[in-house]
Structure formats: structure tokens, C-alpha cells
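Here's the structure, in C-alpha cells; my notes come after.
Derivation of every value follows stated rules applied to the coordinates shown; laboratory data play no part. Fair warning: this is a prediction, and the values are worked out from it, not measured in the lab. Counting neighbours? That spans all protein chains shown, and the Cβs are built from the backbone with ideal geometry, glycine included.
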Ligand SMILES: [Zn+2]
């Protein structure tokens, strides 16, 4: 799981991808997830995802992923995508994405727009839903608000592209945002639910949620290989256990 990547760091990102490949990992086409669930998958496999819908992610798909023939998932907060001016975007980044000290990039745009997401979808990437306004779901006061954030109405064109695969990712990766209610709404409306909690995914299990490893561009070689090989998974044991319990209830 990646987020915004500054243009100056594109080379670092590319080097990270090369390193992951060199360590023997295959980048799996995320559209094959459903298929993989049904059969046992062997070897070292990863799926690449980007959260938050920054324009930098679109450029990465065009400039770097294409070269490596990697398909990824782009999780989009709907309201951010619909923003047309810089001021609103900056407000959203600070107050919704909670990014402190955000610095403008050299790029001409901050957020991906509808056209960009349609283009990604046409190029066989997956576009997934990352809530409407990227609020902390544990703070949604009413059931209606919670439903609206996870599965509320969006414009028809966008609805069409997210309906191809029905992938959803929870914002912030905090375990408290994943309640029985929010999990239930996500499960009813999506095929796969992606979380910000580290862990290995055993695809032969019957669940529909996916653990993810957060990556930043500053991680060095040792850190990346440690994460990929699960050295930090232990710290998330209780969080994962809570999720399995929640899931068994719904
Ligand atoms: Zn996010």
C-alpha cells in the first residue's frame, strides 16, 4: 500500500519495485483475486495498491507500472476526485487525509479526476472505493452517515468503473474504524475489503478482507525486505484476531 509519491521520488519508487521483483515476488493482477481465492496460490505474491487518489499515482501508472507491466488498484475517495480547485484539495488533504505539512508537487494537478480514473480502468488497472470523504468511520454519528461514506451514491460513470471489481479500502488503517456495522456495510457492497493492517493473506480462506503492508518511499532495502517477509506481522496479531472475530459475527 502506497499513498502520494512526489515526482522527485519516482526513481526511488521504481527502485523499490525492482527490489521487490528481485527478491522473488510476483506482482499479481488484482482482477485475479476472486479466482485466486478459489485455488491455492503458491510462491511469493503481492498486489500493489495506492490509496487517496493523488494525481502522482496516475503518473506512476503511466510512467513506471506500464514499463513493468504491473496492474495495480487505485483506491479513490470520491469527494476528493470531484474537487476542481486547489484550495478545496488542500483543505481536504489537511483535514480529511490528515496529512500535516503537505507540500505542493511540481505536477500540474493535485488529485486524479474522473477522467483519470476512467483511463486507469481502461488500461486494466482496478479502481476501488476509498469512502466518500475519508472521515474516520468510528466518528460517523448515524448509521445513515456511515452507509453514505462506505456505499452511498456516486455519479453513474464512477459507479460503473468501481462496479467492475467492487474493491473497497478502509481509510487510516485504524482498527477502531472497523466496527461490526462498517464491516457489514462493506461486506454487503463489495467483494474485497482492504485494510491497513499488516499480515499475510491466505487466499484459500473464506474471508473477503485483505491485510496490507504500508510502504513509504523512504524505506530502505532492509526495511522493504523485512516487511515483505512478514517480520512486522507479529505486532498486528491482536488486530488481526479482532477482525477475524468481527467477521465471524457478520
Ligand atoms: Zn486513505
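As a proxy for reagent exposure, ranking 50, 234 by other Cβ atoms within 10 Å from fewest up yields 234, 50. Semi-axes of the equivalent ellipsoid of the stretch 120-243 are 26, 19, 14 Å, computed as sqrt(5λ) over the eigenvalues of the C-alpha gyration tensor in descending order. Reducing the stretch 152-167 and the stretch 186-226 to their Cα centroids gives an inter-centroid distance of 22 Å. Among 76, 17, a tally of other beta-carbon atoms within 10 Å of each Cβ gives an order, fewest to most, of 17, 76.
Here the sum of -39500 (n - 2.57) over DSSP H runs of 4 or more residues, divided by the residues of the chain, equals -10500 deg cm²/dmol at 222 nm, to the nearest 500. As a rough footprinting exposure proxy, the listed residues 115, 3, 130 were ranked by other beta carbons within 10 Å of their own, and the order from fewest upward is 115, 3, 130. Entry note: the chain has Rg to Rh equal to 0.93, where both radii use alpha-carbon atoms and Rh is the Kirkwood radius. Rounded to the nearest Å, what's the spacing between the alpha carbon centres of the stretch 94-140 and the stretch 75-90? Just the number, please. Going from one Cα centre to the other spans 7 Å.
Compactness ratio for the stretch 59-116: Cα radius of gyration over 2.2 N^0.38 Å (N = residue count) comes to 1.25.
With coordinates expressed along the principal axes, the C-alpha atoms belonging to the stretch 1-133 extend over 47, 30, 25 Å, beginning with the largest. Where both bridge residues fall in the stretch 1-145, DSSP classifies roughly 10% of the beta bridges as antiparallel. Once C-alpha pairs closer than 8 Å and six or more residues apart are averaged by separation and normalised to the residue number of the stretch 7-249, the relative contact order reads 18 percent.
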